[in-house]
Amino acid sequence: QLVTGDLKGALRVWDSQLRRARAVREQAHSGAFGVMHVAQVSDREVASQGRDGFVRIWDLASIAVGDPVVELDTGSHGFCRASFHKSLVACTDDDARPVVLWDVKAGKRWAVDPPDADHGMLMAVRLSEDVGSARLYVHALYENGMLCTLDVQEQAWLDDMALKVQDKVPIGMDACFSAAKSRLMGLSCGADPFVTAFRADYGSKMSCKQVARVPLSGKTLDNADAADLGLDRRGCSVVRVRPDLRIFACGKWDGSVRLYDWHRMQYLGKLEHHSKSVQDIAFSADSTALAVAAEDGHVSMWRPCARRQALPLCTAEEDDDLDSAAREAREQRERRSQDDIFRDTPLRLLGYANEVGEAFRPVLPRFVRPSYAVAFSYVLADTGHKMASVEADRVRAGADTLVWQTFASVLLPGLLINRVVWVAQGAVNALPTGKLISAPVKRWAPVALGLGTIPFIVKPIDDFVHVAMDKSFRKIFP
């Protein structure tokens, strides 16, 4: 189920299958300000934050008619969205600068001023628990782009963990701990044309450093031109990491959502549906669905699937302890472990068996049909492999692979090589046999031309089929 809030202050609990609201809570917050943030607190409770300065926690079973389970008068009317962890709530107050924490079970509230008054307003806050040490931290992102870390138990800022993550005004942040080590990986976004990835280590040597800057254009910063970095609506309003730690999503001001590989920081693709700025993004707990809310008043739901298995969030060795040769060797092992056996290994050549058969059609016509049998066997094997490698929506994954492979590996390249050989055969047959062109040359020249064409058509056809499916099949079956 999906819970949304609107500008009139109402909350709605949706049935995502029927696309209808199962329950509606009118005036959950003041209609003059509306709901700015909705978050899941537990399996049975959801929290809403309004621009009226209140944070309320609701029981989903009685949300339409019951009173809120918890009501907090935060006094916050700014951009900072509350963060929730067990019984703790972190936000700010009417001053918009300190980090304010509430323990809703104990009924306690305390505030901690920013480490530096020049940091400006508190723009984003995130509560995280290091499962290794069972300590709680608040990661606070300030107006000047500084990321600061608060030790909740000590109620003190960690001086060694301050980091400048954004050049311009930041807006959103997400972060998560690894269960293996006391390491937090996070992302921040804002008015800059990039998302900053950072890493915080809470072991014996505390440190916080920038890992990468990922451009929102989908290119590398080195390859991004002035148009990419100068878009009027280039900024990002929200960033979210999928619970399985495989991908992360960035909601942009232009209404699109960009998807990236979480571990390699590589651009995966773009989701386009909304006409106005994305306001919030939420992944389902099982990582199979993605909900996007935008200023245009619509919520879209998607099923983005990672094609490859994710790398561990933390490897066995610390990056800082590895020399360049050891790091390169480890990265090569990781790349090999990530290879798609049907697309990144020599098995991919089986998909072009029919193109080889078409190239040999003039001299070995009996070889053509068996070559198509080999190619289609490869297609079916890859389809089965893709269906077995996903946990949900296997039919859709299989259909996508089957259609893509059929066109990209068999039909289109087979047709193209067939026509190339046919034209070449007609051209050489028109030439008189003699000293300039012998009979063996006339017989084998079309075959050589067909075989020589294959390497040059692979990538263009693959890219063409991806684009065609993105505009047709994948829109019908997202």
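The values are calculated or read from the model by the stated rules, or taken from the named source; none is laboratory data. The shown structure was predicted, so the numbers you read here are calculated from the model rather than taken from an experiment. As a convention, Cβ positions derive from the backbone with ideal geometry for all residues, glycine included, and neighbour counts pool all protein chains shown. Only protein heavy atoms, including side chains, enter the accessible area calculation; ligands, DNA and RNA are left aside. Shrake-Rupley method; radii C 1.70, N 1.55, O 1.52, S 1.80 Å.
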- prompt: Contour minus end-to-end for Asp43 and Tyr372, with contour as 0.36 nm per residue of separation and end-to-end as the Cα-Cα distance?
  reply: 113.3 nm
- request: Quick one: grab the alpha carbon gyration tensor of region 63-182, order the square roots of its eigenvalues as a ≥ b ≥ c, and give me rounded if a/c is under 1.5, else prolate or oblate depending on whether a/b is larger than b/c.
  value: oblate
- line: From DSSP H assignment alone, runs of 4+ in the chain each adding -39500 (n - 2.57), the sum over residues rounded to the nearest 500 puts [θ] at 222 nm at -7500 deg cm²/dmol
message: Need the full-extension length gain, Asp463 to Asn429, defined as separation in residues times 0.36 nm minus the C-alpha distance. One decimal, nm.
response: 8.8 nm
message: Checking the table Lys168/Lys209; Lys168/Lys276; Lys86/Lys168; Lys276/Lys475; Lys8/Lys475 against a 27 Å threshold on Cα-Cα, which pairs fail?
response: Lys86/Lys168; Lys8/Lys475
message: Per residue, how much accessible surface does the chain expose to a 1.4 Å probe? Answer in Å², no decimals.
response: 50 Å²
- prompt: Modelled label-to-label distance, Ser62 and Leu347, 7 Å Cα→beta-carbon offset: nm?
  reply: 5.6 nm
- request: Run the numbers on region 1-87 and let me know its relative contact order in percent, using alpha-carbon pairs under 8 Å that are six or more apart.
  value: 21 percent
query: For the chain, which whole percent of the accessible surface, found with a 1.4 angstrom probe, sits on carbon and sulfur atoms?
result: 55 percent
message: Can you match percent of Cα pairs over 42 Å apart to one of these, [x] 30; [y] 52; [z] 37, based on a calculation from the structure here?
response: [x]
message: Could you work out the relative contact order of region 120-210? I mean the mean sequence separation of Cα pairs under 8 Å and 6+ apart, divided by the number of residues, in percent.
response: 23 percent
message: Check which residues have an amide H placed less than 5 Å from Gly235's amide H, if you skip close sequence neighbours.
response: Trp253
query: What whole number of Å gives the distance from the Cα centroid of region 74-96 to the Cα centroid of region 449-478?
result: 49 Å
message: Suppose each label sits 7 Å from its Cα in the direction of the beta carbon; what would the Asp118-Val363 distance come out to in nanometres?
response: 7.7 nm
